[in-house]
Structure formats: structure tokens, C-alpha cells
Amino acid sequence: LLDTFFEGDHFGEYVLTDEDKNAVERLVEGKFSKESYNFGTPRPFAVVKKRKFKAGIVEISFNVKGNVFIDFCINGDFFCNKDIDGIGEYIKGCEFSESAVSTKLSELDFDSYISNFTKEEMLELIFA
């Protein structure tokens, strides 16, 4: 399959044209430099925490009612391997304790979601 897709073994260098560079600049200005693109649309959360890690800036927002997470959202400028909305959905309904969240994140294989960001770093951000 790879041989069919990549006929030959030599790939030439692609040099961006002025039109390519202008298109990239338009994307940066119109989308990628906006805080709402990188950190999501603001929603009303009781707790918002943001910190820079090796992975990048990670911002978490959540609401707790009766010692249980009722909302949980992750945003930032990090690279994802999987859809991070799944983390928030998984944490909703979890008891607000470090041991309960640690167990939930382990069940989820948390380390496979965000590049260079560990479960331990997430726990530190939530409970510090």
C-alpha cells in the first residue's frame, strides 16, 4: 500500500510561494492567533486554572456540586493525540478527590491524549 501511495522513494523539497505564505498569514491572523481558537469559547465556570507545562499552556475549567464534577473542560495550545473533549466527559460525575480523579484518568489511558502531558501534571493542576 505504501509503495502504491508513495511511488518512488524520493520526495522533493516544496518551497512556499508568496501566495502560500500569504494564505498562511491570513490563517494566522484570522484563526490561529485568536485566544478563542486556542482556549475555546468562555463558559461560566466556578474554577479556572491555567499553567504552562512542557506540553504547552493547559487551562482547565470546572464546576463541582455536592463534591462531584458537573462540568470539566480542557483547553490550551498543546498537541492532542485524541479528542480531549472525551476527558471532560469522562470526569463529569466523578467525585472531587485526587484519588477518584487519578483512578478515572488511569481508566481512560490519560497519557495517550495530550502529547508530553501526564496524569500527574493534570492532578497537580486540578488540586494545587
*Scan of segment 73-96 for residues that are in a strand (DSSP E or B) and at pLDDT 95 or above, ordered by number*: 95
*For the subset of segment 97-115 comprising residues that are in contact with a helix residue (DSSP H, G or I) (Cβ under 9 Å, 6 or more places away or on another chain) and either at pLDDT 95 or above or within 17 Å of residue 64 (Cβ to Cβ) (or both), which member is most open to solvent (accessible area, probe 1.4 Å)?*
98
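So that you can scan it fast, the table gives a plain yes or no per residue for (1) touching a residue at least 12 places away in the same chain (Cβ under 8 Å); (2) touching a Leu at 6+ places or on another chain (Cβ under 8 Å); (3) not basic (Lys, Arg):
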position	(1), (2), (3)
29	no, no, yes
34	no, no, no
46	yes, no, yes
62	yes, no, yes
87	yes, yes, yes
*Here are some conditions: (1) open to solvent by less than 30 Å² (accessible area, probe 1.4 Å); (2) modelled with pLDDT under 95; (3) outside any helix (DSSP H, G or I); (4) not small (Gly, Ala, Ser). Residue 45 meets all but one. Which one does it not meet?*
(1)
_Within segment 97-125, tally of residues that are in contact (Cβ under 8 Å) with a residue 24 or more places away in the chain, in a helix (DSSP H, G or I) and among the polar types (S, T, N, Q)_ = 1
*Scan segment 116-128 for residues that are closer than 20 Å to residue 48 by Cβ and open to solvent by less than 40 Å² (accessible area, probe 1.4 Å) and jot them down.*
117, 122, 123, 125, 126
*What is the residue count in segment 81-96 for residues that are within 13 Å of the chain's Cα centre (by Cα) and open to solvent by less than 70 Å² (accessible area, probe 1.4 Å)?*
4
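The values are calculated or read from the model by the stated rules, or taken from the named source; none is laboratory data. Keep in mind it's a predicted model, so treat the numbers as computed, not measured. Positions of Cβ are backbone-derived with ideal geometry, glycine not excepted, and every protein chain shown enters the neighbour counts. Please note that ligands, DNA and RNA were not included when accessible areas were found on the heavy atoms of the full protein model with its side chains. Shrake-Rupley method; radii C 1.70, N 1.55, O 1.52, S 1.80 Å.
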